[in-house]
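First up is the structure itself, then whatever we jot down about it.
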Amino acid sequence: PSILDSWKSRYEANAANSLALTGQLFSLLAKFQRQNIQAIPVKGPLLALSVYNDLGLRTIRDLDFVLRPEHVLAARDILAAEGFQMLTASHWPSDAALFRSVNAEFTVYRDPIQVDVHWRLLPSYFPFQMDSPALWEGCTTQTIAGRQIPAFSPEHQLLYLAAHGAKHYWARLQWVCDFAKFVQVVPIDWERAFSLCRQGGNIRMLSHALALS
């Protein structure tokens, strides 16, 4: 019973944190949309609900958005106006310097929420990239609490989860579980998924993720 009580407390604390982050997700998406900024959330609440159907069953540490490069500076200004402080160090105080990030992202923080803004799905040093017109043209939506949230296609989400795990050497069991559960519960057009892999030259990455799961 003591173990069950401990897990119940952890679940409730995690669910409360995830709900708070989901509320912030709604708020930021609304602000981005008012400025005609196309922002796509990745991982976070969308992944928790699509694979576990429960915000309390997956730990969410931050919010991640992918934007078109031409919208990055406007998004940065919106986040600054909302009280978020830049955590990403820049070697020079200029807009151009922001885009020299090796990981093609910047991080802002407002206690207790961290937000990562990406303008490419993968760092420039990766041997393949996923960003293409098809990535944005194939966008769909996912329903959270009755709201339609923009999302990448299931096939692109699948490849991103595989790439994210590879990027971090699959250092967390959670990432393997996320990928395995995604494959089990999300309808995937496997012919399209492998076609995208062949186009990007990353068949080995997806095969490795499938072997792990």
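Derivation of every value follows stated rules applied to the coordinates shown; laboratory data play no part. In this text, all values refer to a predicted model and were calculated from it rather than measured experimentally. Note: ideal-geometry Cβ built from the backbone for every residue, glycine included; neighbour counts use all protein chains shown.
The phi-based Karplus calculation (6.51 cos²θ - 1.76 cosθ + 1.60; θ = phi - 60°) puts the 3J(HN,Hα) values of the stretch 116-123 at 10, 10, 10, 10, 9, 5, 10, x Hz, whole numbers, x for Gly and Pro. Of the trypsin sites (Lys or Arg not before Pro) found in the stretch 94-159, those that fall in a DSSP loop while having at most 15 other beta-carbon atoms within 10 Å are Arg100.
Set the Cα radius of gyration of the stretch 27-142 against 2.2 N^0.38 Å, with N its number of residues, and you get 1.09.
Choose one answer from Phe99, Phe26, Phe126: the residue with the largest mean-square fluctuation in a GNM of the chain with alpha-carbon springs under 10 Å. Highest fluctuation among the options: Phe126. For the stretch 1-91, applying the loop criterion from DSSP together with a ceiling of 13 other beta carbons within 10 Å to the trypsin sites (Lys or Arg not before Pro) yields Arg61. FRET efficiency for the Tyr109 to Ala211 pair, using the beta carbon distance and R₀ = 25 Å, is estimated at 0.10. Extents of the chain, largest first, come to 54, 43, 33 Å (Cα atoms, principal axes, whole angstrom).
For the chain, relative contact order (Cα pairs under 8 Å, six or more residues apart, normalised by length) works out to 17 percent. Taking every DSSP helix (H) stretch of at least 4 residues in the chain, weighting each as -39,500 (n - 2.57) and dividing the sum by the residue count yields a mean residue ellipticity at 222 nm of -15000 deg cm²/dmol.
Grouping the Cα pair distances of the stretch 129-213 into 5 Å bins from zero gives a pair-distance distribution of 3, 14, 25, 25, 19, 11, 3, 1 percent in increasing distance order. Put simply, the stretch 169-213 fits an ellipsoid with semi-axes of 19, 14, 7 Å; these come from the alpha carbon gyration tensor as the roots of five times its eigenvalues, largest first.
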